[in-house]
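Here's the structure, in structure tokens; my notes come after.
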Amino acid sequence: MKITRITVYQVNLPLEHPYWLSGGRLKFETLDATLVKLETDAGLIGWGEGTPWGHTYVPAHGPGIRAGIETMAPFILGLDPRCALDVERAIDLALPGHLYAKSPIDMACWDIAGQAAGLPIADLMGGGSRSPKPIAASVGAKTVEETRKVVARYRDRGYIAFSVKIGGDVARDIARIRDMEALRHPSDIVLYDVNRGWSRQQALSVMRATEDLAVMFEQPCESLDDIAAIAPKHAAPVSVDESLVTLQDATRIARDGVAEVFGIKLNRVGGLTKAARMRDVALAHGIDMFVMATGGTVLADAEALHLAATIPDDHLHAVWACQDMITVDIAGGRGPRATDGHLHLPEAPGLGVHPDEDSVGEPVAVYE
Ligand code: MG
């Protein structure tokens, strides 16, 4: 089987509400999605998606994905999409780095491989758990009162996992954590996501002031160096996501005990092929995981769900899905959808969902 055509689409995904990170430092209103359709000489079609969370969150942006695909396309055409490792080596040779530009290609290859095998991607990767995966609801509010309202709204819809965005003001962060912990149910999964918003000193101030609560923080500081430097000085469990990009990041975190949890974002790390190695490093070192779409449509959510399903349930905290935060649906309600705050693995072969082509507009590029 050979890849015969690569078609690229660009879709704007407006967020339902403007979204703030790091205590208001970064604002997001629309996500720039790139969708990729791979066609083969066997008639099978695979879809991939790359949707960074805006341009200012981390070094990844929508136009960069489309430019990267233009560079990689000649090296992909003619390859067998069922051989994800061959495709990975070809695109790593064609374009070192730029992992976020590669993930839609990898995703579309796994989609085709699953269809060819008659298996959902998670089963093709070795076996997918069918237990519903809790979705971490993003609580991006700024005040204690807004936080209460947003949590109540999600709880009414069945959510049990919450990613509460903090960072920026030490006193306000401590107040929000104490208030949220008072609202917390025993079975809730709660992550306090700082999105790099603290200096080392600010991180230690909040972590020490909330030590009695034993809460988990995500990406408290800018870099792995920062997170490693404060690790011996506090008792809180830490998840790393923005600073978990390469397999070398994963092995460093595992070997040096930098964090206890990985937040694996599929688009950031370059797709399922590369993310599966991080999963194995985590499992080999007693590190638990969140698996997340970086942003995007139900396609990106489905990709994250497939990887999550290959992780033993007792090592997976939650998934993160973007579908409830955007106002555009390119798949007419199909694919894995939030049901009582959980995602259910699709049984269809491959990714389990394809977009409606009339909802993704005209192609911005075709390579053949
Ligand atoms: Mg995060």
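When the Gaussian network model of the chain links Cα atoms closer than 10 Å, the mean-square fluctuations of 15, 307, 244 top out at 15. Taking each DSSP H run with n ≥ 4 as -39500 (n - 2.57) and averaging over every residue of the chain yields -11000 deg cm²/dmol at 222 nm. Shape class of segment 124-343 from the alpha-carbon gyration tensor: oblate, with a/c at 1.5 or above and b/c at least as large as a/b.
Ranked by the mean number of other Cβ atoms within 10 Å of their residues, highest first, the peptides 212-221, 247-256 fall in the order 212-221, 247-256. Cross-link pairs exceeding 22 Å between alpha carbons, from the set 27/165; 165/274; 102/165; 37/102; 27/133; 27/102: 165/274; 102/165; 27/133; 27/102. Once the chain from residue 157 to residue 1 is taken as fully extended at 0.36 nm per residue, the excess over their C-alpha distance is 51.8 nm. The Rg/Rh ratio for the chain, using Cα coordinates for both the radius of gyration and the Kirkwood hydrodynamic radius, is 0.96. Net charge in the neighbourhood of residue 14 (other residues with Cβ under 13 Å of its Cβ; Lys, Arg +1, Asp, Glu -1) is -4. The distance separating the Cα centre of segment 1-62 from that of segment 229-305 comes to 20 Å.
For segment 124-343, carbon and sulfur atoms together expose 51% of the accessible surface, with a 1.4 angstrom probe and every protein chain in place.
Computed over protein heavy atoms with a 1.4 Å probe, the accessible surface of segment 124-343 works out to 35 Å² per residue. Candidate cross-link partners of residue 265 among the aspartates and glutamates, defined by an alpha-carbon separation under 12 Å and a same-chain spacing of 8 or more, comprise 241, 242, 301, 303.
The values are calculated or read from the model by the stated rules, or taken from the named source; none is laboratory data. Quick caveat: nothing in here was measured; it's all calculated off a predicted structure. Please note: Cβ atoms are built from the backbone with ideal geometry, for glycine as well, and neighbour counts cover all protein chains shown. All accessible areas refer to the heavy atoms of the entire protein, side chains included, with ligands and DNA or RNA removed. Shrake-Rupley method; radii C 1.70, N 1.55, O 1.52, S 1.80 Å.
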